[in-house]
Amino acid sequence: FSISPILAHIIVNREITEPDAVACYLSDDLAYTHDPALMKDMDKGCRIMKEKIRAGKKIRIISDYDVDGITSNYILYQGLQKAGADVSYDIPHRIMDGYGMNVRLVEAAYADGVDTIITCDNGIAAAEQIAYGNSLGLTLIVTDHHDIPFQRQEDGSISYNLPSAAAVINPKQKDCPYPFENICGAVVVYKFIQVLYDLFGIDRRESEVFLEIAAMATVCDVMPLCDENRIIVKEGLRRIQHTNITGLQALIEANHLEEKKISSYHFGFILGPCINASGRLTSAKDALELLLCEDKELCRQKAEALTQLNAERKEMTANGVKAAKEYLESTGHAHD
């Protein structure tokens, strides 16, 4: 492989020893990424979506409010629009709604005349809310990557509780043949858009515009950097240096990174936290609107606001740590 003995030793220490696995580990060739059609319900979910788009039905995306959720929402929104969908988005509010899809969000979609809800980075644990959506006559498609909820029976066996959605796309399902389950929500929807593009006759390579966003989500959601995740992040880091996403360019400039080579560190500790800060302190829609914005001056304002919000979040964290230490010292537990 034309690598140094030290690098070879590191790779072997990571239990990567078969020639194909080593080649994949060292490669940045997207040909090593897995076929999205292998994911359970992927074809089914995309065919349902194609029917809804062709029929002019209103579609709503509901995501989580962290980096993975916001970027998943972005990828779905842009991809569905390109396929001709009448699409809108919603994100739960951290304080008012808490995590995941809830009845309020389902009722809001129904009141707006939405026909189909597609989740991203959430939904696998929303069996009750999805059943309620079904009762209203909505069509629901779940895309997620979290563990499947389960119950342990008295005899020690496990029964899994899947939501009653029209399609459930999650590589962690036990009967899902997809060969790598440790992908984030943004990569799941990136794969969804690839298959949807195939169905609409759109060149699948056009989905590659989402790679820097999927790479950021992979790092920020702390996915293991092996298998296809490694290739997605490598390629995403290469592309982000010249990203065409105006909002992302503005966020890079707001953090004075335009002259630097962006690394996974910048994803995980500078850019990602700015996106996360909106979901923690205001509304995650602020970060999504930045990514969707194409007006340079407006993007600059939004990016600076998010960067300032992240600075406030860091200060609140530091104050929290200080208060915790003072409490421990005042109670005599500082050395416990």
Practice item. Answer yes or no as to whether residue 75 is open to solvent by less than 10 Å² (accessible area, probe 1.4 Å), within 18 Å of the chain's Cα centre (by Cα), more than 18 Å from residue 207 (Cα to Cα) and at pLDDT 95 or above. Key: no
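Against the condition in contact with a strand residue (DSSP E or B) (Cβ under 9 Å, 6 or more places away or on another chain), of a type outside the set (Lys, Arg), touching a residue at least 60 places away in the same chain (Cβ under 8 Å) and more than 24 Å from residue 94 (Cβ to Cβ), how does residue 68 come out, does it pass? Give the steps one after another, and end with the answer.
Details: in contact with a strand residue (DSSP E or B) (Cβ under 9 Å, 6 or more places away or on another chain): yes; of a type outside the set (Lys, Arg): yes; touching a residue at least 60 places away in the same chain (Cβ under 8 Å): yes; more than 24 Å from residue 94 (Cβ to Cβ): no.
So residue 68 fails the test.
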Study note, to complete from the structure: Scanning region 24-52 for residues that are among the small types (Gly, Ala, Ser) and either touching a Leu at 6+ places or on another chain (Cβ under 6 Å) or within 15 Å of residue 232 (Cα to Cα) (or both), the one modelled with the lowest pLDDT turns out to be 27
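Test residue 257 against the stated conditions and say whether it is open to solvent by less than 60 Å² (accessible area, probe 1.4 Å) and either of a type in the set (D, E, K, R) or under 24 Å from residue 93 (Cβ atoms) (or both).
On the way: open to solvent by less than 60 Å² (accessible area, probe 1.4 Å): yes; either of a type in the set (D, E, K, R) or under 24 Å from residue 93 (Cβ atoms) (or both): no.
The answer is no for residue 257.
Kindly establish whether residue 253 is over 24 Å from residue 222 (Cα atoms), assigned to a helix (DSSP H, G or I) and in contact (Cβ under 8 Å) with a residue 12 or more places away in the chain. Explain how you work it out, then say what you get.
On the way: over 24 Å from residue 222 (Cα atoms): yes; assigned to a helix (DSSP H, G or I): yes; in contact (Cβ under 8 Å) with a residue 12 or more places away in the chain: yes.
Considered against the rule, which asks whether it is over 24 Å from residue 222 (Cα atoms), assigned to a helix (DSSP H, G or I) and in contact (Cβ under 8 Å) with a residue 12 or more places away in the chain, residue 253 comes out as yes.
Looking at this structure, is residue 193 in contact (Cβ under 8 Å) with a residue 24 or more places away in the chain, closer than 22 Å to residue 53 by Cβ and among the aliphatic types (A, V, I, L, M)? Can you show your working first?
Values: in contact (Cβ under 8 Å) with a residue 24 or more places away in the chain: yes; closer than 22 Å to residue 53 by Cβ: yes; among the aliphatic types (A, V, I, L, M): yes.
Considered against the rule, which asks whether it is in contact (Cβ under 8 Å) with a residue 24 or more places away in the chain, closer than 22 Å to residue 53 by Cβ and among the aliphatic types (A, V, I, L, M), residue 193 comes out as yes.
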**Study point:** All positions within region 230-247 that are in a loop (DSSP other than H, G, I, E, B) and touching a residue at least 24 places away in the same chain (Cβ under 8 Å)
**Key:** 243, 244, 245
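Would you kindly identify the helices (runs of 4 or more DSSP H) lying entirely within region 127-229 that contain at least 2 residues that are open to solvent by less than 10 Å² (accessible area, probe 1.4 Å) and more than 22 Å from residue 31 (Cα to Cα)? So that I can check it myself, show each step before the final result.
On the way: elements: 127-135, 185-200, 211-220.
Filter on region 127-229 gives 127-135.
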Check your understanding: Can you tell me which residues in region 158-186 are charged (D, E, K, R) and within 20 Å of the chain's Cα centre (by Cα)?
Key -> 172, 181
Review point. Among the residues of region 287-313, which ones are of a type in the set (A, V, I, L, M, F, W, C) and either open to solvent by 80 Å² or more (accessible area, probe 1.4 Å) or touching a helix residue (DSSP H, G or I) at 6+ places or on another chain (Cβ under 8 Å) (or both)?
Key: 287, 288, 290, 291, 292, 293, 299, 303, 305, 306, 309
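The values are calculated or read from the model by the stated rules, or taken from the named source; none is laboratory data. Since this is a predicted model, take the numbers as computed values, not measurements. Note that we place each Cβ from the backbone using ideal geometry, even for glycine, and neighbour counts take in every protein chain shown. For accessibility, only protein heavy atoms count, side chains too; no ligands or nucleic acids. Shrake-Rupley method; radii C 1.70, N 1.55, O 1.52, S 1.80 Å.
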